[in-house]
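Have a look at the structure below, then the notes.
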Amino acid sequence: MIIIDKKSDCSGCEACATACPVGCITFADDGEGFRYPLVDTERCIGCGACNEVCPVESRRPTIAPRATYGVVNPNRSIQRLSSSGGFFYILALGVIERSGGVVFGAAFNERGEVEHRAAQSSEELAALRGSKYSQSHIGSAYAEALKALAEGREVLFSGTPCQVSGFLHLVPQQHRDRVLAVDVVCHGVPSPAVWRARLSEITGGGKPQKINFRDKRNGWAEYGLAVEYRRTDGVVTDSYTPKPKEPYYRGFVEDLYCRPSCAECPSKGFSSGADLTLGDLWGYEKHSDDGVGVVFVGTERGAKALEESSAEHFAVEYDEVVRHNPSIEKSNPAHPNRERFFGEFAALGSDGKGCAGLIRRNTQKSVTELVAGFVKRKIKLFGTR
Ligand SMILES: Cc1cc2nc3c(=O)[nH]c(=O)nc-3n(C[C@H](O)[C@H](O)[C@H](O)COP(=O)(O)OP(=O)(O)OC[C@H]3O[C@@H](n4cnc5c(N)ncnc54)[C@H](O)[C@@H]3O)c2cc1C
Ligand code: SF4
Ligand code: SF4
Ligand code: SF4
């Protein structure tokens with residue numbers, strides 16, 4: 001039976017609930033916006049299925065990827081619409097068109113919240129494209145994917161490494177060769193409650209129509225947050241905030257409101273079992289404005305999927321890639337103001353008013369930190385001369 005002693009022991013992948021043969025696991029919000037399992041001990045039969053699929057309890061060993069490539073979708077418009085190089089879309093379309101398979105990934109619902117869903121056509125696939133910086137709710141996605149496998153179909157399952165790890169624990173061995181498991185390099189996942197508040201603040205309580213966390217109008221590295229929404233008076237309007245001006249990104253990358261498990265990620269080091277891991281090829285910004293991805297090949301199946309795809313790819317040095325993108329190997333500690341932030345966040349109204357200011361105040365550097373940073377940069381500069 002799942003027992004959560006401390007919050008970091010649960011990544012919220014939701015695999016335990018799908019595994020439970022008597023359906024006695026439900027989820028409850030912890031007040032920070034993250035879901036945690038609740039076991040009905042009266043109904044639990046003590047079978048241990050939940051523990052076997054849990055990515056925190058049943059960890060796989062870390063591995064070195066077989067190969068590392070820079071990767072780009074030759075279709076420039078799809079490349080620009082994707083967060084990095086657009087490789088996910090090629091893989092996903094391949095599974096749908098080649099074999100009539102089903103693709104699972106994260107999409108926005110009509111309220112702008114993030115949840116996993118299935119796509120079986122290029123139209124449905126568009127919703128899965130692009131990074132969404134809020135933890136995705138799995139819901140019935142694992143169960144639907146297992147059903148598709150039982151029907152003899154191919155499945156591409158994509159998500160964070162802990163979600164992919166949980167899913168692969170659920171997949172019966174005899175079906176594994178019809179799964180293409182794709183995860184992302186994962187910095188961590190922000191709280192859905194904080195995203196809900198920030199979105200509500202941006203839209204003024206309006207209805208979101210389109211959201212893009214990685215809008216590339218100013219380039220791949222200089223991305224921004226684009227939201228199209230219907231105002232409460234019915235008018236459809238747009239909002240765009242470039243990265244340096246949007247506090248939500250800062251709170252995310254500084255781990256002000258990421259899930260506690262992300263500070264001790266159970267699935268780092270390519271230990272999810274994924275066939276392929278996708279990320280941004282940071283350090284390559286001067287070569288492309290449209291986006292370049294990095295792909296780490298985890299398995300033979302992943303290598304085959306890459307070779308058979310139409311993606312443009314080129315070998316890159318693993319150590320060099322990690323130097324520009326530390327989240328590949330390391331978990332990020334929570335921001336020192338995390339607790340204070342959530343204490344103050346609880347007092348915000350449902351309209352999210354004040355959310356941006358709250359994030360700014362809690363990520364602002366003190367004068368001492370600014371001076372220390374300045375001195376550090378100067379020492380570095382003199383040291384390299
Ligand atoms: C929360 C998060 C943190 C990330 N952190 C890093 C990082 O530190 N460094 C780095 O190099 N790359 C990171 N990435 C990955 C990167 O942003 C791109 O998603 C990846 O490079 C694939 O890009 P693409 O152009 O091939 O495909 P895209 O179409 O841009 O990617 C879509 C894929 O992302 C998945 N996805 C999107 N949002 C979520 C979500 N909330 N939960 C689970 N899966 C999701 C979809 O299911 C789909 O598989 C992160 C992604 C997410 C979602
Ligand atoms: S031990 Fe078995 S019955 Fe009990 S919660 Fe876990 S999966 Fe469900
Ligand atoms: S990490 Fe996943 S499987 Fe483990 S307890 Fe949390 S939700 Fe359940
Ligand atoms: S950082 Fe680790 S625990 Fe957090 S969402 Fe990503 S894979 Fe899961």
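The values are calculated or read from the model by the stated rules, or taken from the named source; none is laboratory data. All values derive from a computational prediction rather than experimental measurement. Please note: Cβ atoms are built from the backbone with ideal geometry, for glycine as well, and neighbour counts cover all protein chains shown.
Just a few scattered comments:
- Flag if V316 is under 22 Å from the mean Cα position of the chain (by Cα) and either at pLDDT 95 or above or closer than 23 Å to V253 by Cβ (or both): no
Each row is one residue, and each column tells you yes or no for (1) in a helix (DSSP H, G or I); (2) within 20 Å of the chain's Cα centre (by Cα); (3) within 16 Å of ligand 3 (Cβ to nearest atom).
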position: D5; (1), (2), (3): no, no, yes
position: A17; (1), (2), (3): yes, no, yes
position: E32; (1), (2), (3): no, yes, yes
position: E52; (1), (2), (3): yes, no, yes
position: S84; (1), (2), (3): no, yes, no
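- Matching residues, segment 150-187, being over 25 Å from F252 (Cβ atoms) and either charged (D, E, K, R) or within 14 Å of ligand 3 (Cβ to nearest atom) (or both): E151, R153, E154, L168, H169, L170, R176, D177, R178
- Note on segment 15-44: residues that are within 13 Å of ligand 2 (Cβ to nearest atom) and under 30 Å from A347 (Cβ atoms) total 4.
- D5 vs. criteria more than 14 Å from ligand 2 (Cβ to nearest atom) and without any contact (Cβ under 8 Å) to a residue 12 or more places away in the chain: yes
- Which numbered condition S165 fails, given (1) in contact with a Leu (Cβ under 8 Å, 6 or more places away or on another chain); (2) within 13 Å of A274 (Cα to Cα): (1)
- In segment 188-243, the qualifying residues are those that are within 16 Å of ligand 3 (Cβ to nearest atom) and over 15 Å from I359 (Cα atoms), and the one that is surrounded by the fewest Cβ atoms within 10 Å (Cβ to Cβ) is G188.
- Qualifying position, being within 16 Å of ligand 3 (Cβ to nearest atom), in contact (Cβ under 8 Å) with a residue 24 or more places away in the chain and of a type in the set (A, V, I, L, M), among A346, A263, A303: A263
- Looking only at segment 131-174, and only at residues there that are in contact with a Phe, Trp or Tyr (Cβ under 8 Å, 6 or more places away or on another chain) and among the β-branched types (V, I, T), the one that is nearest to E115 (Cα to Cα): V164
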